[in-house]
1. Return yes when C:Leu57 is out of contact with any Gly (no Cβ under 8 Å at 6 or more places or on another chain), at pLDDT 90 or above and surrounded by 18 or more Cβ atoms within 10 Å (Cβ to Cβ) and no when it is not.
2. Suppose the filter is more than 10 Å from chain B (Cβ to nearest Cβ), within 19 Å of A:Tyr427 (Cβ to Cβ) and buried (at least 22 other Cβ atoms within 10 Å of the Cβ); does A:Ser284 pass it?
3. Between a residue in the range B:125-149 that is within 13 Å of B:Leu191 (Cβ to Cβ) and any residue that is of a type in the set (Asp, Glu), which pairs come within a Cβ distance under 7 Å, given they are 6 or more apart or on different chains?
4. Is it fair to say B:Val88 is of a type in the set (A, V, I, L, M, F, W, C), in contact with a Ser or Thr (Cβ under 6 Å, 6 or more places away or on another chain) and surrounded by 20 or more Cβ atoms within 10 Å (Cβ to Cβ)?
5. Given the structure, is A:Ile215 closer than 28 Å to B:Ala626 by Cα, aliphatic (A, V, I, L, M), at the interface with chain B (Cβ under 9 Å from one of its Cβ atoms) and buried (at least 24 other Cβ atoms within 10 Å of the Cβ)?
6. For the range C:138-158, enumerate the residues that are in a helix (DSSP H, G or I), aromatic (Phe, Trp, Tyr) and more than 7 Å from every other protein chain (Cβ to nearest Cβ).
7. Return the total of residues in the range A:180-209 being away from chain C (no Cβ under 11 Å), more than 11 Å from A:Ala268 (Cβ to Cβ) and open to solvent by less than 20 Å² (accessible area, probe 1.4 Å).
8. From the list A:Leu19, A:Leu23, A:Leu73, pick out the single residue that is under 17 Å from A:Leu121 (Cβ atoms), surrounded by 21 or more Cβ atoms within 10 Å (Cβ to Cβ), within 11 Å of chain C (Cβ to nearest Cβ) and touching an Asp or Glu at 6+ places or on another chain (Cβ under 8 Å).
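The values are calculated or read from the model by the stated rules, or taken from the named source; none is laboratory data. Values in this document were obtained by computation on a predicted structure and should not be read as measured data. As a convention, Cβ positions derive from the backbone with ideal geometry for all residues, glycine included, and neighbour counts pool all protein chains shown. The area values use the complete protein model at the heavy-atom level, side chains included, leaving out ligands, DNA and RNA. Shrake-Rupley method; radii C 1.70, N 1.55, O 1.52, S 1.80 Å.
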Amino acid sequence: MNSLIDNSNLILALPEIFLALWLLIFIPLGVYSGGSLAVRQSYFSLFAVIGLLGTFLILLSGGYKATIAFNDLIVSDKLVVYMKSLVLVAGILIFSISERYRSLEKLFIFEYPVLVLFSILGMLIMISSNDFITLYMGLELQSLSLYVLAAMKKDSKNSSEAGLKYFILGAIASGFLLFGVSLIFGITGTTSFTTLATSFSNMSLNQPLLVFAIIMILSAMAFKISIAPFHMWTPDVYEGAPTSITAFFAVVPKIAAFAVLMRILFIAFYEISFIWQQILIVMSILSIFVGAFGALLQTSIKRLMAYSTISNVGYVLLSLSLATSIGLESSIIYITIYTVSTLGVFAFILSMEKEKVLLDKISSFSGLSKSHPFYALTFTILLLSLAGLPPLAGFFAKFYIFRSLIIGDMLWVAVIGILGSVVAAYYYLKIIKIMYLDDSEELLNINSNNYIKYVLGFCAFLVISFIFFADSLIEFCINISKAIVL
Amino acid sequence: MLKLLVFLPLLGALLSGIFPKFIGKKGAMYIPTILCGISFIFSIILLHNAILGESYVINLATWINSGYFQINWALKLDMLSSVMLFVVMLVSTLVHLYSIGYMDRDPHQARFFSYLSLFTFAMLMLVTSNNFIQLFFGWEGVGLCSYLLIGFWFKKQSANAAAIKAFLVNRVGDLGLILGICLIYFKFNSLDYNTVFESVTLIKDNSFSLLNIEIPIIELCCFLLFIGAMGKSAQIILHTWLADAMEGPTPVSALIHAATMVTAGVFLVARCSPIFEYAPYALGFVTIVGALTSIFAAYVAITQNDIKKIIAYSTCSQLGYMFFACGVSAYSAGMFHLMTHAFFKALLFLGAGSVIHALSDEQDIRKMGGLYKALPYTCVGMWIGSLALAGLPPFAGFFSKDIILEAAWASHTIIGGFAFYIGLLAALLTAFYSWKILFMVFHGKSRGDISSAHESPLTILIPLTILSIGAIFSGWLGKPMIDTHHDFWHGTILILDNHEALKNAHHAPIWVKISPIIVALIGIFIAWVLYIKRLNFTQFLCERFSFLYRCSLNKLWFDEVYEYLICQPLKKCGDILWKKGDIGVIDRFGPDGIVNVCRKIAMRIKSIQTGYVYHYAFAMFIGLIAIFSWQFLLLFGWV
Amino acid sequence: MVSIFFYLFAFILIFSSVFVITAKNPVHSVFFLILSFFNATGLFVLMGAEFLAMLLLIVYVGAVAVLFLFVIMMLNIDFKSLRTGIMKNARLGLIIGVVLLAEIIFSIMGMHYGKDKILGTNLSVVSNEIENTRLLGNVLYTDYIYLFQTAGLILLVAMVGAIVLTHRKRDNVRKQDATKQVLRNKSETLNINDIEIGKGA
């Protein structure tokens, strides 16, 4: 009976186990060593980063071999390892850029890193899930931490509001997911992805209830990655949450949710792609346009980034909706590049402060090119990449999406997607225009620490130099997708 | 070594262009110069190798790879390109050196040197390319640098205007070149020199009909390519920019507008000789245009008073010589003249620059005179240059101009004969205006304040000396180029057997050989009479032949005609299109209309975002139900 | 017999759920909630899942619902004013609900009926020999250990989150700090002054 808890199972879950144990050490350590003392905070952050690094190393030492463990509950393969690494690296970088902001906003309490680690743990569980129950557990662990993190700025009404909104809507989405999963269980008698795949291949698929279940599950996932029409929470939560948490929101949960969505679509529901393809196309086009148009009139950079996220995830979903290996591969490329660009953008946002208050109005960046040319230049590069200008990385990301669409005989969808990116380019360019052409109202005072500068420079460098290592990344992504889709 | 040769100037350009503060003011001048010097040494070695028969192509990277269409970045070394490399690097290096002295008072040296080096790089890309696209890259690159350098003193209104003019006129030519390249790709399915040249014979009889006239494809190709060459090499009709281009600093005029860039057209024709050879009508056209340019420019030059403009028109005229040499299939004679011309024309320009420098930017020859005492070295240099230009033995110009005229005569065609006599007349005028400069600047009485004139610094004199040596000996040294018994060009220039002008040229009668010298001497004599002996006679002549005089002085009203016929109607058209078409129709329904629609959609999306959580939840449900209803209806086949 | 009870419980469950929402008095709402929990328990018992039934009773009725009751009674919230806008959207909400319901019903009718299709795997997990609790325990600590541990982590996060969001330092509150009281000594607290006689006002 104890055969389940043998070595092979444990080794597969080792990254998660390590992180969980680290957290269990962390909490008492934090409580008994002055968890809310400002001077200790950098040690706590360091401790958290070391935990993430350790997890990362354990993850890498595990290898890429495709295996299933814990009675079909979790899985490990190339996609899992890659997405987990992306999550961990992004998590580490976000820690390093949020330090200064936390010191400004009285977020120097040790629960902050603890909750971030918890949510990352949830994401790791999500990514490696091979069963809807595991997925749900990971999702809840992740979301619950994020709800709390969003509401963390206790003296800010916006922050509490954001946390509450996210919580309520997230609960509804969880309800959708559970409803859908229970229907699926009712129809097929299983919740395991791999078993689902086989059971779909020998049953009649023309069932409305199955469609309903799938729509439920997809809606829940769409909520997590903020796809329209389930995107409504995104701008409010992005704006209300503490900015360092917004940075986290914008990058890390999206990676995890996409990783698990890929697994659902391409393993569990691959046989019934005819059901979800149309739905995903409609949702992703809708969110591309909501993202593009919604951002046009925004004056707050955080809200703008929220809409930017909405339209970007639309592109990823669009190429997933192809249900082909090429679509999967280009969406992995897109996620990778999106992660880097968005991280850089938030590094920039987190460094824009005046008199110890973070700036949020886009118009307050005016004249930045003269006072802080480095920041203006790197931010420009990142924005241009998000807008998709060659030869920056963002161009290739979009290029591969559209290429896969055209190969998949969805030329018109590609054209619509391109139109959306044209509209989106406007507001990215507007920021650049403000930084370079408008006269400054007041001079900004940037006291960012060096980490932010390094991360900003690093992201900008990656975005520029992508063209030189594009081959190897694309090769890698092709390998990943080949391992999932035959 | 070829790679280094090509990329060292680029390195120089980047260093002084991007890091001027880092390498300092001195560094920004000396580093590009030294890098060019190294490249020059390489070019000598490569020329030596090429003469021994070496030729290869280095592939650097794939540039375009689209279907069957592949273009590489490649460097091609053969006889033709190595000669060009040598000429370009020699003049470029000397001009760099010269500029150190010439630009000493300018605050933007780093920018200047950066442009110079960039130009050199672009020129090298042009001459070493092994396909038409890379040639076009270099072609546009030199055009861009030319624009930047003409407008170098961007605070001067006239310099800006001249820069724009040069650019625009060149665009007309470039259009021809692009069309030519497209046509070549269309017919040959390749833009690689070797492939194209090898398959010329396969399609030489292809033609298409336009308005019931059968036009051979190959004629059209050559014609279009030559339009490109006309633009870049300032041939008549598209020549107007060259004189205005003299607004740029003098070293620029020497490098770009005398020795290298403007000769790119000649190089193009010589490079494409395997195509041109099969296009007799296009060759005829080349000859006529070349001949007309040579006489026209010489005719305009005699009445100009700006020292640089005279030399510019002289350049124009000499380019005409090169072209009609090519037109009668004497490509090697054209290339030979290109090389010797590079020496003596650069010498003249640099000499003129020295004079201008000495007189604190005075360019009007009417305000000079008797400067030989103040500027002895410059004076000697200018004399040598003029002797070479007029084609007196044993100076360089003698050999090359002689062979061109002989070839024209020996082609035994009507066009060739026409070109020969025109060429002789142009030679007369050439000698005349050259000595006009010499007499008016260095001899006779001083007409302006020259007391402050002083000899230029060493960095100016060294290039002058080297070029003088070149102007004396390059003709003699370069004679093997036109040797018909031994193929100097190692097959890079193709001449069909029935085009034997060059071969026949060596057997031309003695009067043909001597006549250029005689007319040159006559020209000098007239100049002496008019500008030293009988000064008032000049005035008389001007009045007596006032029509001819005014024609020449106003450059045959080319600029005015263009202004009236092309610029103003275009401006009007543009005005109407802008106000009525663009603002009224396109903007209103296009950008502005779209912007308004976008704004409305954005407002709508923004207004949905109420901030109430139950609205959001509602939206989620509505979304869910909408999607499901849609699928539901599909499933039951009700839609 | 079983089906009669099933319909009874199900019916009451649905109606009490409706009353949870529509009841004017929030205390009544909570009571209806408790009623619906009881009926759900009844449904579990009918299925033979006694352990889950008891769990529902103990946890939801015993703890959660009672907590709700306390909170509602102790907080002085004017629920009347909160409800003012609710009727405005009721019609739309009703339409959506009806559409959803109709669609689900249609979907279920469109199902291919048959015992092997719905809940296709064997339902005989519920055996009469081994009791429910042991059965659950057997899989919970072996097959689903991973999920069980994750659930524990979720609860931990909930606790940490609750503390983070509610715990705050108030400046004006007097608090007893035993350690501080014990550790303080005489020199810190006592100030001995020499006061001349007659001047110690």
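1. no
2. no
3. From residues that are within 13 Å of B:Leu191 (Cβ to Cβ), the pairs are B:Asn130/B:Asp192; B:Asn131/B:Asp192.
4. Working: of a type in the set (A, V, I, L, M, F, W, C): yes; in contact with a Ser or Thr (Cβ under 6 Å, 6 or more places away or on another chain): yes; surrounded by 20 or more Cβ atoms within 10 Å (Cβ to Cβ): yes.
Yes, satisfied.
5. Values: closer than 28 Å to B:Ala626 by Cα: yes; aliphatic (A, V, I, L, M): yes; at the interface with chain B (Cβ under 9 Å from one of its Cβ atoms): yes; buried (at least 24 other Cβ atoms within 10 Å of the Cβ): yes.
So A:Ile215 passes the test.
6. C:Phe148, the sole residue that qualifies.
7. Number satisfying all stated conditions: 1.
8. A:Leu73
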